[in-house]
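J.: Please see the structure below; I have some questions.
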Amino acid sequence: AQKITQTQPGMFVQEKEAVTLDCTYDTSDPSYGLFWYKQPSSGEMIFLIYQGSYDQQNATEGRYSLNFQKARKSANLVISASQLGDSAMYFCAMREGNRDDKIIFGKGTRLHILP
Amino acid sequence: EAQVTQNPRYLITVTGKKLTVTCSQNMNHEYMSWYRQDPGLGLRQIYYSMNVEVTDKGDVPEGYKVSRKEKRNFPLILESPSPNQTSLYFCASSLSTGVLRELFFGEGSRLTVL
């Protein structure tokens, strides 16, 4: 069974609209961490945001926020006021438990921002 | 500048010719890891290292070797490359304080095995 599921292989969104990228995860460990990374066409992996399972509030970083719904095991990334430069592949990832060794990635969602 | 450096960035080679992809970080990070990225499969972990002389297999270790003789370096070795190892490879590192919160990635190495 997949530990990280990103159900949207691709999305097209109009510039300036808000975007929600879906991510669901599967773990029985009460302690875990969730990450989002952006990969533009140039190929590098850019860290966007982190949410710990015990964090009381949803993480936010500028235009990025993580909609963390623990009971539903979802960690959706929300990008407000999308820009053309947001066009990229986005990966959701999970650190299971307090183990630093394994970070599991989803298959990614390719986001296209339309002018 | 804090960074993870991989070399080479691009390589075309032939089946069976041993190659090494180097990875070096200048952040004194304890944790280092190798991933491969293939279309439709996301990133899959090959090997990781929690510290010097400590390495362990990830999800797809077959056909690869690693070593961690120094804290800063974590080379990926393909003893006898095959076409199914054609992929985009990423090295990553983290301080590993017990609760990893961010992985720093290298720029990637695109490998083609003919």
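The values are calculated or read from the model by the stated rules, or taken from the named source; none is laboratory data. Given the structure is predicted, the values throughout are model-derived calculations rather than measurements. Glycine gets a Cβ as well: all are built from the backbone with ideal geometry, and neighbour counts include every protein chain shown.
J.: For B:L95, state whether it is surrounded by fewer than 16 Cβ atoms within 10 Å (Cβ to Cβ) and under 18 Å from A:M94 (Cα atoms).
T.: yes
J.: Just a yes or no: is a residue in region A:101-114 in contact with a Phe, Trp or Tyr (Cβ under 8 Å, 6 or more places away or on another chain) and free of Cβ contacts under 8 Å to residues at least 12 places away in the same chain?
T.: The answer is yes, given that some residue of region A:101-114 is in contact with a Phe, Trp or Tyr (Cβ under 8 Å, 6 or more places away or on another chain) and free of Cβ contacts under 8 Å to residues at least 12 places away in the same chain.
J.: What pairs come up if the first residue lies in region B:28-39 and is closer than 22 Å to A:Q39 by Cα, the second is among the basic types (K, R), and their beta carbons are under 6 Å apart, counting only those six or more places apart or on different chains?
T.: Note: pairs meeting the criteria are B:R36/B:R44.
J.: Filter region B:43-56 for residues that are more than 8 Å from chain A (Cβ to nearest Cβ) and closer than 11 Å to B:S33 by Cβ and give the result.
T.: As a first pass, look at region B:43-56 and keep what is more than 8 Å from chain A (Cβ to nearest Cβ): B:46-47, B:49, B:51-55.
Correct list: B:I46, B:Y47, B:S49, B:T55.
J.: Next question. Considering only region A:22-37, state which residues are among the acidic types (D, E) and surrounded by 14 or more Cβ atoms within 10 Å (Cβ to Cβ).
T.: A:D22, the sole residue that qualifies.
J.: Exactly one condition in (1) of a type outside the set (S, T, N, Q); (2) within 19 Å of B:L103 (Cβ to Cβ); (3) buried (at least 17 other Cβ atoms within 10 Å of the Cβ) is false for A:P40; which is it?
T.: (3)
J.: Continuing with this model, one more query. Any idea which of A:A93, A:A59 is within 11 Å of chain B (Cβ to nearest Cβ) and in contact (Cβ under 8 Å) with a residue 40 or more places away in the chain? Write out each step before concluding.
T.: Working: A:A59 fails: in contact (Cβ under 8 Å) with a residue 40 or more places away in the chain.
The unique qualifying residue is A:A93.
J.: Write out, first by first residue and then by second, each pair whose Cβ atoms fall under 6 Å of each other, whose residues are 6+ apart or on separate chains, and whose first residue, in region A:11-37, is under 21 Å from A:I104 (Cα atoms) while the second is in a strand (DSSP E or B) and among the hydroxyl-bearing types (S, T, Y).
T.: Close Cβ pairs satisfying both conditions: A:L21/A:Y90; A:L21/A:T109; A:T24/A:T5; A:T24/A:S74; A:F35/A:Y50.
J.: Here's something else I'd like to know. Which one of B:L103, B:L76, B:L88 is surrounded by 14 or more Cβ atoms within 10 Å (Cβ to Cβ), within 18 Å of B:T5 (Cα to Cα), out of contact with any helix residue (DSSP H, G or I) (no Cβ under 9 Å at 6 or more places or on another chain) and modelled with pLDDT under 95?
T.: Of the residues listed, the single one that is surrounded by 14 or more Cβ atoms within 10 Å (Cβ to Cβ), within 18 Å of B:T5 (Cα to Cα), out of contact with any helix residue (DSSP H, G or I) (no Cβ under 9 Å at 6 or more places or on another chain) and modelled with pLDDT under 95 is B:L103.
J.: Then there is this: Quick check on A:G106: is it at the interface with another protein chain (Cβ under 9 Å from one of its Cβ atoms) and more than 22 Å from B:Q37 (Cα to Cα)? Break it down into steps so the answer makes sense when it comes.
T.: On the way: at the interface with another protein chain (Cβ under 9 Å from one of its Cβ atoms): yes; more than 22 Å from B:Q37 (Cα to Cα): no.
No: the conditions fail for A:G106.
J.: Anything in region B:89-114 that is of a type outside the set (F, W, Y), under 30 Å from A:S53 (Cβ atoms) and in a strand (DSSP E or B)? List them, or say none.
T.: Of everything in region B:89-114, those that are of a type outside the set (F, W, Y), under 30 Å from A:S53 (Cβ atoms) and in a strand (DSSP E or B) turn out to be B:C91, B:A92, B:S93, B:S94.
J.: Go through (1) touching a Phe, Trp or Tyr at 6+ places or on another chain (Cβ under 9 Å); (2) in a loop (DSSP other than H, G, I, E, B); (3) of a type in the set (D, E, K, R) and name the single condition B:R44 misses.
T.: (2)
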